[in-house]
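Chemist: Handing you a structure now.
The values are calculated or read from the model by the stated rules, or taken from the named source; none is laboratory data. Quantities reported herein were computed from a predicted structural model and do not represent experimental measurements. So basically every Cβ, Gly included, is an ideal-geometry build from the backbone, and we count neighbours across all protein chains shown.
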Amino acid sequence: MGILNDFAKGLKVTLRQIWGERVTAEYPKDMREKPQRFHGRHVLNRYPDGMEKCIGCELCAGACPAHCIYVRGSDNPVEAPVSPGERFGFVYEINMLRCIFCALCVEACPTEAITMTHLFEMSTTNREDAIYTKSELLIEVDGTPNHMFPDDPLADMDELRKADGWMRAVAPGGRAAYEGETPWSESAGVGVRPAEPAQEPTRPLIAVLPDFLNVRSQEDPGEPEASIAEKAPMQEEEE
Amino acid sequence: MDFWDVLFVAARVVLAFVIPLVAVIFLVWGERKINADMTNRIGPNRAGPWGILQTVADGLKLFFKEQVTPRKVEFLLYAAAPILALIPAFMTFLVIPWGEGFTWEIGGKVREFAFVGADLNIGVLFFLAMSSVAVYAIVLAGWSSGSKYPLLGGIRGTAQAISYEAAMGLAIVAVILFASTTSTDGGTLSFVELVERQRGTWDEVVSLPGGLSWFENVLGLIPRWNILPQFIAFVIFMIAAVAETNRAPFDLVEAEQELVGGFHTEYSGFRFAMFFLAEYTNMFNMSAIAVVLFFGGWDGPTFDQWLPGIIVTFLPLFWFLLKTAAVLFVYIWIRATWPRLRYDQLMNLGWKRLIPAALVWLIASTVVVSVRQFGWPWA
């Protein structure tokens, strides 16, 4: 009779779920809160003074595993430079149909010019619209991001302002000693983006680590934060 | 035969087609909603209030879709199979009694109306015959599609129908046998008559020896439905009914993970809709027949002293539909819960469990019934 009991147990589970909580989000009506590190559409950032961050180095195109980024750099005009560097991204195109949203371009970018946002509604009615050019990707001088269909009810500009948490989460080398540091530059419109909350010094995980691993606990909390250059040799100390 | 007679016959013909269609609309919607509830989803909620028009929308879509005909099909049988699936489903629906008849005086004559398509005196046999014919549609659809998955589905359909029809038939025989003792008229195969014999309470048929007469008061509260003495037959019938309608956990005929869509893989558009319609009509029919055979059909409290006449007339219909809905809920509940059987398990359950169990139960019923009727052989 054990098998009958099992049958009944199964039936009880499904019956109980009738009164259970619904997991479906009624999408266009209520938008779900996205995870911090959600990989959405890219934007090209500017410095607060309006200069483009992109220096046309094509490292993003080189890093892209889907070969969906096309960049052509050009020398900055001397009298009206577009970026602070020598060169700037003259052509910048991303084919969103090929993009796999891996954020390797973000990782490769030396100037944090390209970041990913939380916007994922990118459906288009023809293939050409899926190739995002500089006019869609680059944010305005005042920090407003561009959208291909700004009148669309799904076009949420706030989502476009939210940078993917990846570049705000890890310090160079991903080392715990740099938690809370903001090694990234300011952007137009948003200023210096704060570090990802889970990486703040009050992270509970640190408390459960054994002492010899807990780098922060060995530091004097009253001491002012050491500069990045001073912290760098810590790798040797740990060993 | 006057104008009114013709009108009512016409109305009956129309209703015989419309009621199953409407029932299927609600059934499909109900299945999707209940399934969604049981898996913590919302289910259809766009078309109409609570998505109740979703099935209508889906049906319309299928109606206007292209009917793709693969090159290798045997066209005549391929086109006939969906119709063959639909006919037995509608025919079975005709013999199911929905409620008590009523009389209505119109056109200068008192006319009788019955809530049944046709009260056949061999209704049960007719139903068994029709449920066997239904399998032809599956076999023919599978074979004529000229494709391997439908063929496998069709072959499975045949084997399954043969295996489970025997058990179902034997379970029904036990019920018929039992019903033959509860009336002085002897045996019956009419669904209407079977329902009539389940009215009242148990104290009318059971007479207990003196010391136990207090128990008759308790029996007087329990309706005289066949479910109580024939519970085992009911369990066998329900298992066989789920298998006959090719529903989960016996849906090997259209096992999606193995056979794409099973026998209807190569069907699209309205032909597919016809298979779909037939499956759900069959499901409704089986539930209705389970209610008729085991749960007293339209029997229920009548409240004829308190309610106005028109409601009293239609209240049996309500009870019938309520019970049918309850059985259908169990169908859907099972589908949402249990995984599909493996093919050998299906055959084992059919031949090694259900048929012996049905046979034993039939013999046991026979013994009880004959002792009740003729006394002990040595007495």
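Conditions (1) in a loop (DSSP other than H, G, I, E, B); (2) of a type outside the set (Ser, Thr, Tyr); (3) touching a residue at least 24 places away in the same chain (Cβ under 8 Å), marked per residue:
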{"residue": "B:15", "(1), (2), (3)": "no, yes, no"}
{"residue": "B:27", "(1), (2), (3)": "no, yes, yes"}
{"residue": "B:31", "(1), (2), (3)": "no, yes, yes"}
{"residue": "B:37", "(1), (2), (3)": "no, yes, no"}
{"residue": "B:42", "(1), (2), (3)": "yes, yes, no"}
{"residue": "B:70", "(1), (2), (3)": "yes, yes, yes"}
{"residue": "B:80", "(1), (2), (3)": "no, yes, yes"}
{"residue": "B:97", "(1), (2), (3)": "yes, yes, yes"}
{"residue": "B:118", "(1), (2), (3)": "yes, yes, yes"}
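Chemist: Right, another one. I'd like the residue in region A:98-128 that is over 18 Å from the mean Cα position of the chain (by Cα) and under 20 Å from residue A:72 (Cα atoms) and, out of all such residues, is surrounded by the fewest Cβ atoms within 10 Å (Cβ to Cβ).
Modeler: Checked region A:98-128; the qualifying residue surrounded by the fewest Cβ atoms within 10 Å (Cβ to Cβ) is A:128.
Chemist: Which of the residues belonging to region B:21-40 are surrounded by 15 or more Cβ atoms within 10 Å (Cβ to Cβ) and either within 14 Å of another protein chain (Cβ to nearest Cβ) or within 30 Å of residue B:109 (Cα to Cα) (or both)?
Modeler: Residues satisfying the conditions are B:30, B:31, B:32, B:33, B:34, B:35, B:36, B:37, B:38, B:39.
Chemist: Still on this structure: Quick one: would you say residue A:134 is in contact (Cβ under 8 Å) with a residue 24 or more places away in the chain and within 22 Å of residue A:182 (Cα to Cα)?
Modeler: Here the answer is no, as residue A:134 does not meet what is asked.
Chemist: Restricted to region A:10-37, and to residues that are modelled with pLDDT of 85 or more, of a type in the set (A, V, I, L, M, F, W, C) and surrounded by 10 or more Cβ atoms within 10 Å (Cβ to Cβ), which residue is nearest to the chain's Cα centre (by Cα)?
Modeler: Here the answer is A:18.
Chemist: Residues to consider are B:76, B:53; find the one that is surrounded by fewer than 16 Cβ atoms within 10 Å (Cβ to Cβ), more than 14 Å from chain A (Cβ to nearest Cβ) and out of contact with any helix residue (DSSP H, G or I) (no Cβ under 6 Å at 6 or more places or on another chain).
Modeler: Within the list B:76, B:53, the selection yields B:76.
Chemist: Please give the number of the condition residue A:84 fails out of (1) surrounded by 12 or more Cβ atoms within 10 Å (Cβ to Cβ); (2) within 14 Å of chain B (Cβ to nearest Cβ).
Modeler: Condition not satisfied by residue A:84: (2).
Chemist: Look through B:105, B:100, B:66 and report the one residue that is modelled with pLDDT of 85 or more and of a type outside the set (Ser, Thr, Tyr).
Modeler: B:66
Chemist: Still on this structure, please answer the following. Look at residue B:335 and say whether it is within 14 Å of another protein chain (Cβ to nearest Cβ), closer than 30 Å to residue B:70 by Cβ and modelled with pLDDT of 85 or more.
Modeler: Taking the combined requirement at face value, the residue satisfies it.
Chemist: Continuing with this model, one more query. Being in a helix (DSSP H, G or I) and more than 11 Å from chain B (Cβ to nearest Cβ) is the filter here, so list the residues in region A:5-30 that pass it.
Modeler: Once the filter is applied, which keeps residues that are in a helix (DSSP H, G or I) and more than 11 Å from chain B (Cβ to nearest Cβ), region A:5-30 yields only A:5.
Chemist: Consider residue B:324 carefully, then state whether it is more than 14 Å from chain A (Cβ to nearest Cβ), hydroxyl-bearing (Ser, Thr, Tyr) and closer than 19 Å to residue B:20 by Cβ.
Modeler: Yes.
Chemist: Do we have residue B:336 as of a type in the set (Gly, Ala, Ser), in a helix (DSSP H, G or I) and farther than 25 Å from residue B:128 by Cα here?
Modeler: Yes; evaluated as a whole, the condition is true for this residue.
Chemist: OK, next. Only one of these conditions is not met by residue A:33: (1) in contact (Cβ under 8 Å) with a residue 24 or more places away in the chain; (2) away from every other protein chain (no Cβ under 14 Å); (3) assigned to a loop (DSSP other than H, G, I, E, B). Which number is it?
Modeler: The one condition residue A:33 does not meet is (1).
Chemist: Which of the residues belonging to region A:14-45 are aliphatic (A, V, I, L, M) and within 17 Å of residue A:123 (Cβ to Cβ)?
Modeler: Within region A:14-45, A:31 is the sole residue that qualifies.
Chemist: Here is a follow-up. Just to be sure before I move on: is residue B:48 within 30 Å of residue B:332 (Cα to Cα), at pLDDT below 90 and within 14 Å of chain A (Cβ to nearest Cβ) in the structure I sent?
Modeler: So residue B:48 does not fit the description; no.
Chemist: While we're on this one: Among the numbered conditions (1) part of a helix (DSSP H, G or I); (2) under 17 Å from the mean Cα position of the chain (by Cα), tell me where residue B:298 comes up short.
Modeler: (1)
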